[in-house]
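Down below is the structure, laid out as structure tokens.
The values are calculated or read from the model by the stated rules, or taken from the named source; none is laboratory data. All of these numbers come straight from a predicted model, not from anything done at the bench. Every residue, glycine among them, receives a Cβ derived from its backbone with ideal geometry; neighbour counts consider all protein chains shown. The protein model used for the area step is the full one, side chains on, heavy atoms only, and it has no ligands, DNA or RNA in it. Shrake-Rupley method; radii C 1.70, N 1.55, O 1.52, S 1.80 Å.
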Amino acid sequence: MTQIREPERRTKVLRGRPYSLDEFASKYGLRSDQAESLFTRFGPSSIELDLLMAAKRRAPVLPDRIAE
């Protein structure tokens, strides 16, 4: 008999420092519902979200707040 294999669960590795939802929304001037949708789908990774916004040609409204 053939065994049915369950797909492996892979956890996504966090790249870069994590954004808070409010920080991400304010950096790119997004409404809270827009920011929450992107944050939920792509995670809190600053690198991933910055790349996503660059692909959408959305420049940051506010500069990075590193080490606050």
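Taken over segment 18-28, the criterion of being touching a helix residue (DSSP H, G or I) at 6+ places or on another chain (Cβ under 7 Å) and free of Cβ contacts under 8 Å to residues at least 24 places away in the same chain is satisfied by 21, 25. Quick check on residue 49: is it in a loop (DSSP other than H, G, I, E, B) and either in contact with a helix residue (DSSP H, G or I) (Cβ under 8 Å, 6 or more places away or on another chain) or not charged (D, E, K, R) (or both)? It is false that residue 49 is in a loop (DSSP other than H, G, I, E, B) and either in contact with a helix residue (DSSP H, G or I) (Cβ under 8 Å, 6 or more places away or on another chain) or not charged (D, E, K, R) (or both). Is there any pair with a first residue in segment 29-55 that is under 18 Å from residue 14 (Cα atoms) and a second that is of a type in the set (Ser, Thr, Tyr) whose Cβ atoms are under 7 Å apart and which are 6 or more apart or on different chains, and what are they? So the pair list comes out as 44/19; 46/19; 49/19; 53/28. One residue stands out in segment 14-42 among those that are part of a loop (DSSP other than H, G, I, E, B) and crowded, with 16+ Cβ neighbours inside 10 Å: the one that is farthest from the chain's Cα centre (by Cα), namely 30.
Go through segment 43-58 and give me each residue that's open to solvent by less than 60 Å² (accessible area, probe 1.4 Å) and either in contact with a strand residue (DSSP E or B) (Cβ under 8 Å, 6 or more places away or on another chain) or among the small types (Gly, Ala, Ser) (or both).
Within segment 43-58, 43, 44, 45, 46 qualify.
Applying the condition of being at pLDDT below 90 and among the basic types (Lys, Arg) to segment 1-40 and asking which residue is farthest from residue 61 (Cα to Cα) yields 5.
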